[in-house]
1. Looking at the range 31-41, can you tell me whether even one residue there is part of a loop (DSSP other than H, G, I, E, B), modelled with pLDDT of 95 or more, surrounded by 13 or more Cβ atoms within 10 Å (Cβ to Cβ) and not polar (S, T, N, Q)?
2. Would you check which residues across the range 1-34 are charged (D, E, K, R) and out of contact with any strand residue (DSSP E or B) (no Cβ under 7 Å at 6 or more places or on another chain) and list them?
3. If I ask for residues that are outside any strand (DSSP E or B) and surrounded by 16 or more Cβ atoms within 10 Å (Cβ to Cβ), which ones from the range 42-55 would you list?
4. Step by step: first the residues of the range 1-23, then only those that are touching a residue at least 60 places away in the same chain (Cβ under 8 Å) and assigned to a helix (DSSP H, G or I), then the one that is nearest to residue 85 (Cα to Cα). Which residue is that?
5. Restricting the search to the range 56-70, which residues are exposed (fewer than 15 other Cβ atoms within 10 Å of the Cβ) and free of Cβ contacts under 8 Å to residues at least 60 places away in the same chain?
6. Given the conditions (1) surrounded by 12 or more Cβ atoms within 10 Å (Cβ to Cβ); (2) touching a strand residue (DSSP E or B) at 6+ places or on another chain (Cβ under 9 Å), and given that residue 83 satisfies all but one, which numbered condition is not satisfied?
7. Tell me which residues, restricted to the range 48-80, are closer than 12 Å to residue 3 by Cβ and out of contact with any Leu (no Cβ under 8 Å at 6 or more places or on another chain).
8. Say we look at the range 24-62 and pick out the residues that are of a type in the set (Lys, Arg) and farther than 15 Å from residue 82 by Cβ; which of these is nearest to the chain's Cα centre (by Cα)?
Amino acid sequence: MIRKRVLASGEVQGVGFRYHARARALQLGLVGYVRNRPDGSVELEIEGPEASVSRMLLWLQTGPRYAVVTTLEVGDVAATGESEFQITG
């Protein structure tokens, strides 16, 4: 299991990004969270098998239909072993 912290910037709030990200994460069997940040970006932590995390990162490069992702910052964080994917804010 691996875990990544991701910051997506651009037009990523007000376009259903969090809800679509959660749905995609659940399809891929990932756990973690997604939340809006005050600066207009969206923050995620995604955890699961490396192949599934990689597929999620590919999806995050464009996001849902009305999103415009201009920057995607990705970093490694320690796996937590949590059991669900949540929208936290």
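The values are calculated or read from the model by the stated rules, or taken from the named source; none is laboratory data. The structure displayed is predicted, hence computed values, not measured ones. Here the Cβ is made from the backbone with ideal geometry for all residues, glycine too, and neighbour counts use every protein chain on show.
1. Within the range 31-41, one or more residues are part of a loop (DSSP other than H, G, I, E, B), modelled with pLDDT of 95 or more, surrounded by 13 or more Cβ atoms within 10 Å (Cβ to Cβ) and not polar (S, T, N, Q).
2. 24
3. 52, 53, 55
4. 22
5. 58, 61, 62, 65, 66, 68 - these are the residues of the range 56-70 that are exposed (fewer than 15 other Cβ atoms within 10 Å of the Cβ) and free of Cβ contacts under 8 Å to residues at least 60 places away in the same chain.
6. Unmet condition: (1).
7. Matches in the range 48-80: 49, 50, 75, 76, 77, 78, 79, 80.
8. Checked the range 24-62; the qualifying residue nearest to the chain's Cα centre (by Cα) is 24.
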